[in-house]
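Enquirer: Okay, handing you the structure first.
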Amino acid sequence: MSILLPFLYFLAPICFIAGSAILAIAIVRARKIISPKTRYVFQVAPEPGEEIELSEPGRYVISVVIPPLKFIIGVAHFSAKFSVKELSSAQSIEYTPFGRFNLFTVRRTDMRGNKSLPLGYFQCDRPGKYQVICTTPEKIRPEFKLEVAPYSRPIVFGALIPIIIIGSGLTLVGIIATVAASLGRL
């Protein structure tokens with residue numbers, strides 16, 4: 001046991017530092033998924049649609065934002081259709097709807113209790129201004145809003161949860177072992 005003691009004195013602070021770093025990185029990444037920088041929330045309007053400016057190319061998700069304390073939300077919004085157009089070239093962009101029972105989407109809830117349910121996605125090839133038009137606004141309730149945000153892969157978000165647990169465990173073990181070692185309790 002006395003042979004392992006110097007390793008423990010050396011390993012405890014390293015465990016704390018590594019756990020803190022892992023935890024900080026995982027929390028920052030989870031925060032980017034939960035509340036992305038590029039996020040547009042707007043009311044459903046059939047004409048003229050909503051102009052949004054997308055600063056980065058990539059896949060973007062159109063979601064319905066359900067206000068808090070709405071228990072019976074219905075499912076008609078999953079059949080809503082959208083038209084996405086790039087304003088500089090007036091080129092129409094393909095919108096691909098998700099199914100109602102899609103397991104491979106990230107459903108978010110913000111701190112106010114608003115639920116964000118993904119309806120479909122479109123691919124943005126270059127930065128610029130885009131117009132999003134809901135062609136079937138009657139499918140979405142008037143109190144619901146629409147949101148355009150970057151697509152987040154569920155596998156990334158799912159992997160962050162155990163990483164956060166491991167990082168917090170390493171941090172706690174490192175703190176406890178460091179304090180115990182410095183007090184001579186080991």
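Enquirer: Only residues that are of a type outside the set (A, V, I, L, M) and in contact with a Ser or Thr (Cβ under 6 Å, 6 or more places away or on another chain): list them for region 17-37, please.
Expert: Applying the first criterion (of a type outside the set (A, V, I, L, M)) to region 17-37 yields 19-20, 29, 31-32, 35-37.
Within region 17-37, G19, S20 qualify.
Enquirer: Give the residue, chosen from I166, I175, that is within 25 Å of the chain's Cα centre (by Cα), modelled with pLDDT of 85 or more, within 30 Å of L11 (Cβ to Cβ) and not basic (K, R). Before you say what the answer is, go through the steps one by one.
Expert: Details: I175 fails: within 25 Å of the chain's Cα centre (by Cα).
After ruling out the rest, the residue left standing is I166.
Enquirer: Then there is this: Filter region 162-175 for residues that are without any contact (Cβ under 8 Å) to a residue 24 or more places away in the chain and among the aliphatic types (A, V, I, L, M) and give the result.
Expert: First, the residues of region 162-175 that are without any contact (Cβ under 8 Å) to a residue 24 or more places away in the chain: 162, 165.
Selection gives I165 alone.
Enquirer: Residue pairs, Cβ under 6 Å, 6 or more apart or interchain, first in region 13-36 and closer than 30 Å to V61 by Cβ and in contact (Cβ under 8 Å) with a residue 12 or more places away in the chain, second assigned to a helix (DSSP H, G or I) and small (G, A, S). List them.
Expert: Once the first residue is closer than 30 Å to V61 by Cβ and in contact (Cβ under 8 Å) with a residue 12 or more places away in the chain and sits in region 13-36, its partners that are assigned to a helix (DSSP H, G or I) and small (G, A, S) give I22/G167; L23/G167; L23/S168; A26/G167.
Enquirer: Mind checking which residues of region 60-81 are at pLDDT 85 or above and either surrounded by fewer than 11 Cβ atoms within 10 Å (Cβ to Cβ) or under 13 Å from Y130 (Cβ atoms) (or both)?
Expert: Y60, I62
Enquirer: Sticking with this one: Restricting attention to region 90-124, which residues are modelled with pLDDT of 85 or more, loosely packed, with under 12 Cβ neighbours inside 10 Å and either in a loop (DSSP other than H, G, I, E, B) or not hydroxyl-bearing (S, T, Y) (or both)?
Expert: Correct list: Q91, E94.
Enquirer: S182 versus (1) of a type outside the set (F, W, Y); (2) surrounded by fewer than 16 Cβ atoms within 10 Å (Cβ to Cβ); (3) closer than 30 Å to S83 by Cα: which is the lone unmet condition?
Expert: Only one criterion in (1) of a type outside the set (F, W, Y); (2) surrounded by fewer than 16 Cβ atoms within 10 Å (Cβ to Cβ); (3) closer than 30 Å to S83 by Cα is unmet by S182, namely (3).
The values are calculated or read from the model by the stated rules, or taken from the named source; none is laboratory data. Source: prediction; values computed, not measured. Methodologically, a virtual Cβ is constructed for each residue, glycine included, from the backbone with ideal geometry; neighbour enumeration extends over all protein chains shown.
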